[in-house]
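Peer 1: I'd like to ask some things about the structure below.
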Number of protein chains: 2
Amino acid sequence: MKAVVLLSGGLDSTVCMAVAAAAGCELLPISFDYQQRHSRELASARRVAAHYGIVRHLVITTNMAAIGGSALTDMAVDVPAGDVARPDIPATYVPARNLIFLSYALAYAESSGAERIFIGVNALDYSGYPDCRPEFIALFQRLADYSTKAAVQDGRRITVETPLVALAKKDIVLLGNKLGAPLHLTTSCYAGGEEACGRCDSCLLRLKGFAEAGFEDPIPYAK
Amino acid sequence: MKAVVLLSGGLDSTVCMAVAAAAGCELLPISFDYQQRHSRELASARRVAAHYGIVRHLVITTNMAAIGGSALTDMAVDVPAGDVARPDIPATYVPARNLIFLSYALAYAESSGAERIFIGVNALDYSGYPDCRPEFIALFQRLADYSTKAAVQDGRRITVETPLVALAKKDIVLLGNKLGAPLHLTTSCYAGGEEACGRCDSCLLRLKGFAEAGFEDPIPYAK
């Protein structure tokens, strides 16, 4: 069975690839070059895809920075220091990003004959982005069931799978390790430097996960 | 009040612009260069935006053709001759296109502070695309209410407006004429030639609309 996998090149999406591979799916990874500050993650995504022997890795290019409204696409806005306990949605939120990404994934699933879409959203150890929550995914699924030719005319339902949604970051690290996911090839840092900053939300969550899992994070961090 | 308007450069979206202008909205048009066969429509969108004195016309570029699955983005698939009475969804359907476009429009509305999104979908004189139906729009609205920082944290609801959804093409032409919409600047033909083909679904629907409205279509057609 074919599965489209949203692959950013980060920890969670790479573990998602490993889950889809372990389920015996034919993997169709899709990544986005959306003018993100941390475009370094795309190189990671390519390395992860190569690790899994992927022949066709779809990279969608789009000028999302023109929309603005986020520290991740607007170089004039600084990436805030990490604070995953803050009550507000942080400046690294990108308006409607997961909705845009899932919409492309749905289009790709429809055109390629895939029946599943894997996305590594997580609503436990996360930055509070509204479009990572299970309720968002459930509503997207309803929309998908209603909006594609595949579903409406051909009766081919495309399901959105979120294997990590209820896992703590620690358990994501453990799962990735168990499945042999190439965690050493991944990048999570928002700052986009050669070495991970160790200070942004994404680094803090990742480091916490590895520490609690009892593993050393194999990627380099700035001293 | 600011309003994002999905502006393809065709008849319906241009009448939508006119409706939003007549409602007194500050217009924020968004168009898509998605490697469509009929990229000529983008030039029309720019002319329509200029007609309305728009300073910032956001054009999103994206390689949607890489996804495939449509006669409008795959040059190996011919645009079928028009037949709006056919039972099947035609080859000009683009997987998840309106979902992708609305998702970008939602992101733009969020980042720009717009409270409304206008889209010229129509489910009467149309090609049967599932993502033009009012049920699709209603589900998208629910998702929008749940997925943005604007709605979830700031209580700022962004509403999707479909002023043409229940109008016959004739009535869209009449409305555009009444509101002074620059219909002479629009392009509807899927084939993308210098003159409209007069044979595809889009041309047939448009010609029917003008004929029933009792106006001559001001754009040139191939003999």
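FYI, it's all coordinate maths here, none of it is from the lab. Predicted model only: the values in this text are computed from it and were never measured. Backbone-built Cβ (ideal geometry, glycine too); neighbour counts: all protein chains shown.
Peer 1: Taking Cα centroids, how far is region A:75-91 from region B:32-56 in Å?
Peer 2: Distance between centres, Cα-based: 36 Å.
Peer 1: Using just the C-alpha positions of region A:2-213 as equal point scatterers, what log10 of I(q)/I(0) does the Debye formula give at each q in 0.09 1/Å?
Peer 2: -0.32
Peer 1: How large is log10 of I(q)/I(0) for region A:78-192 at q = 0.18, 0.19, 0.21 Å⁻¹ when the intensity is taken from the Debye formula with one equal scatterer per alpha-carbon?
Peer 2: For region A:78-192 at q = 0.18, 0.19, 0.21 Å⁻¹, log10 I(q)/I(0) is -1.06, -1.13, -1.24.
Peer 1: Return the long-range amide H neighbours of residue B:23 (sequence gap of 5 or more, or a different chain), with a cut-off of under 5 Å between placed amide H atoms.
Peer 2: The answer is none.
Peer 1: Once R0 is set to 51 Å, what does the formula 1/(1 + (r/R0)^6) return for the Cβ-Cβ distance between residue A:22 and residue B:81, expressed as a FRET efficiency to the nearest 0.05? Before the final figure, lay out the partial values.
Peer 2: Numbers: r = 48 Å, r/R0 = 0.93.
FRET efficiency, residue A:22 to residue B:81: 0.60.
Peer 1: Determine the calculated [θ] at 222 nm for chain A from helices alone, applying -39500 (n - 2.57) to every DSSP H run no shorter than 4 residues and normalising by the residue count; nearest 500 deg cm²/dmol.
Peer 2: Details: 7 runs with 81 residues, N = 223.
Per the formula, -11000 deg cm²/dmol.
Peer 1: Among B:47, B:157, which comes first, second and so on when ranked by fewest other beta-carbon atoms within 10 Å? Don't jump to the answer; show the numbers that get you there.
Peer 2: Numbers: B:47 16, B:157 13.
Ascending number of Cβ neighbours within 10 Å: B:157, B:47.
Peer 1: Please get the size of the charge dipole for region A:1-73, origin at its Cα centre, with Cβ charges of +1 on Lys and Arg and -1 on Asp and Glu, quoted in debye to the nearest 20. Display every interim value, and only then the final one.
Peer 2: On the way: 6 positive and 4 negative charges, 28 e Å.
Around 140 debye, computed over region A:1-73.
Peer 1: Can you list the distances in nanometres, one decimal and ascending, from the residue A:87 label point to the identical position in each other copy, with the point 7 Å along Cα to Cβ?
Peer 2: 5.8
Peer 1: Let me ask you something else. Specify which residue in the list A:67, A:151, A:122 is farthest towards the positive end of the charge dipole of region A:43-191, using unit charges on the beta carbon of Lys, Arg (+1) and Asp, Glu (-1), about the Cα centre.
Peer 2: A:151
Peer 1: On a 0 to 90° scale, report how tilted helix B:201-213 is relative to the longest principal axis of chain B, with both axes built from alpha carbons and the result rounded to the nearest 10.
Peer 2: The angle comes out at about 90 degrees.
Peer 1: Given +1 on the Cβ of Lys and Arg, -1 on the Cβ of Asp and Glu, and no further charges, what dipole in debye does region A:122-197 carry about its Cα centre, rounded to the nearest 20?
Peer 2: Using only the charged Cβ atoms, the result is roughly 300 debye.
Peer 1: Follow-up question, since we're still on this one. In nm, what does the list of distances from residue A:75 to its counterparts in the other copies look like, shortest first, when each label sits 7 Å along Cα to Cβ?
Peer 2: For residue A:75, the other copies' label points sit at 3.4 nm, shortest first.
Peer 1: Could you run the Karplus curve 6.51 cos²θ - 1.76 cosθ + 1.60 with θ = phi - 60° over region B:80-91 and give me ³J(HN,Hα) per residue in whole Hz, x for Gly and Pro?
Peer 2: Values per residue, Gly and Pro as x: x, 4, x, 6, 6, 9, 5, x, 7, 6, x, 5 Hz.
Peer 1: For the protein assembly as shown, build the convex hull from the C-alpha positions and give me its volume per residue in Å³.
Peer 2: Values: hull volume 57.3 nm³, N = 446.
Value for the protein assembly as shown: 128 Å³ per residue.
Peer 1: Under unit Cβ charges (Lys, Arg +1; Asp, Glu -1), what dipole magnitude, rounded to 20 debye, does region A:2-213 have relative to its Cα centre?
Peer 2: Working: 20 positive and 21 negative charges, 78 e Å.
Here region A:2-213 has a charge dipole of around 380 debye.
Peer 1: Provide an ascending nm list, one decimal, of label-point separations from residue A:178 to the equivalent residue in each further copy; define each label point as 7 Å from Cα along Cα→Cβ.
Peer 2: 6.4
Peer 1: Under a 5 Å amide H to amide H cut-off, with H placed in plane at 1.01 Å, what residues pair with residue B:61 once short-range neighbours are removed?
Peer 2: Hits under the 5 Å cutoff: A:63, B:33.
Peer 1: Taking neighbour Cβ counts within 10 Å as the exposure measure, how do A:100, B:89 sort from fewest upward?
Peer 2: Details: A:100 28, B:89 17.
Going from least to most buried by this count: B:89, A:100.
Peer 1: Order these by the 10 Å Cβ neighbour count, fewest first: B:194, A:110. The partial results should precede the final answer.
Peer 2: Details: B:194 8, A:110 27.
Fewest-to-most ranking of B:194, A:110: B:194, A:110.
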